[in-house]
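Presented below is the structure to which this report refers.
The values are calculated or read from the model by the stated rules, or taken from the named source; none is laboratory data. All of these numbers come straight from a predicted model, not from anything done at the bench. All Cβ positions, glycine included, derive from the backbone under ideal geometry; neighbour counts span all protein chains shown. These area figures cover heavy atoms from the full protein model, side chains too; ligands, DNA and RNA do not enter into them. Shrake-Rupley method; radii C 1.70, N 1.55, O 1.52, S 1.80 Å.
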Amino acid sequence: MRGLNRLHVGLALSILIFLVLGYWLVKPKLPDQPPYLSFSADIDGTKAWKELLSTKQKAVKEWRLSWKDLPNGEAMLLVAVQPSGVTKADREQLLDWVRKGNDVVLFDRNPERWEPWGTVLAGEIGMGSTAKENNKESASVSTIKVSPDYTSAGGLLTGRVDTPYRIKPGGNGRVLFEDEYGVLGSRIEEGSGSITVVLTPNWMQNGTIDQESHFELIWPLFAKSWDAVWIDETHHGFGTKPGLLAVYPAWLVLASVQLGLALLLWLWLRGKRFGPVHTPRAWTVRRGDEGVHAVAAWYERLGYQHEALAHQQLFLRQLLHQRWGLSPSASALQAAETARGRMSEAQAAQLARLLEEPPASGGSAGPRAAKQRGVSSGAFVQRTREMGEMIAYLEKE
């Protein structure tokens, strides 16, 4: 029993060592995502800020389309953290969206390319050469002066500033906070909305948002309540093109859908069916008795019922000759005498009647009537049915 326990322990240890070495040698690595992504939990991502914001706002979603496709309406916010590849057309479209009553918060450490907006942004204002060199090498902790109506946070606020740029003094922008070298955050009114520019996007990152006074400095930017908050991911390389329906105007899509439904309804009313078409076999294959049906149709059309009954009677006489040896020229009485020993009296009488001339229909006599010797339709059908029954009886005998 001891040997078995030692064997089990040794086997378990071997498996454990194998798993540990395998995990250590082939350790899966998480993908290194770009910085400032709102869905990234890396130290350079902004997921912590987004998760907290989601508890305070009605709807916080990612925006992955072009800025020209921003939703119509007002009381919405777009947050762009260190966007790249922003064109002049993008800035103009975003400015139009702001004027409709929406807000934009832009975190960008090098905002000079936004100057064509007329936001009076410039770079490297009010900094000495020594301070510039220090900023380029590493971020420095600065004392932040906050506007009195911006935040109620007390005490001395500090922040790690890693940009050599500052917003130009003057202009129509409202200063939110600044350090000893110049303005770091400013807000301007555009139409019914506003644009807020902050030069320290590093304060938003997961690894630094809880350092210094970063959270106290950025959180008041989102104190207002909006109907929707969009976080731009388009300019982080995660943009998507709108679907087919989003490319066309809503009125055109609605009209196309209505026309399509009307077309389907028209096809249904017209009896059209979607599927293979099967041709009935009777339309393509010649029937074996087609000639008989054709002759019967002509007999009926020309009124040759008497001739048809004569053909049936002749077939019956031939059958009597084959079965009983009765001469085809035998009279109806002779046939009845021969039949009395082979069938009942009623059947013998019926056989005699069938071998007699069929009764002619009434009406005036004339050349056409004499030629056709017409038989009424009712009598023709009745006599044909009886003839068929008699022939079937003789064939089974």
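Per-residue 3J(HN,Hα) values for the range 325-333, derived from phi via the Karplus relation 6.51 cos²θ - 1.76 cosθ + 1.60 with θ = phi - 60°, read x, 7, 5, x, 8, 5, 6, 5, 5 Hz in sequence order (x marks Gly and Pro).
Taking the alpha-carbon centroid of each part, what is the distance from the range 40-116 to the range 305-323 in angstrom? Result: 102 Å between the Cα centres. Are there chymotrypsin sites (Phe, Trp or Tyr not before Pro) in the range 42-88 that DSSP marks as loop and that have at most 13 other Cβ atoms within 10 Å, and which are they? Of the chymotrypsin sites (Phe, Trp or Tyr not before Pro), not one in the loops of the range 42-88 has a Cβ with at most 13 other Cβ atoms within 10 Å. In terms of accessible area, using a 1.4 Å probe and ignoring ligands and nucleic acids, Thr284, Thr143 rank largest first as Thr284, Thr143. The 1.4 Å probe gives accessible areas that order Leu94, Leu65, Leu11, largest first, as Leu11, Leu65, Leu94. Once backbone amide H atoms are built at 1.01 Å from N, Leu157 has Ile144 as its partners under 5 Å, excluding neighbours fewer than 5 places away on the same chain.
Over the residues of the range 150-256, compute the C-alpha Rg and express it relative to 2.2 N^0.38 Å. Don't jump to the answer; show the numbers that get you there.
Numbers: Rg = 18.8 Å, N = 107, 2.2 N^0.38 = 13.0 Å.
Its radius of gyration relative to the 2.2 N^0.38 Å reference: 1.45.
Spin-label model, Ile17 to Ser147: label points 7 Å out along the Cα-to-beta-carbon direction sit 6.8 nm apart.
Modelled label positions at Ala59 and Gln211, each set 7 Å beyond Cα in the direction of Cβ, lie 3.6 nm from each other. Between Leu78 and Asp103, Val104, Val105, Trp230, the built amide H atoms are under 5 Å apart, and every one of these is 5 or more places off in sequence or on another chain. The order of the peptides 69-78, 319-328 by mean Cβ neighbours within 10 Å, most packed first, is 69-78, 319-328.
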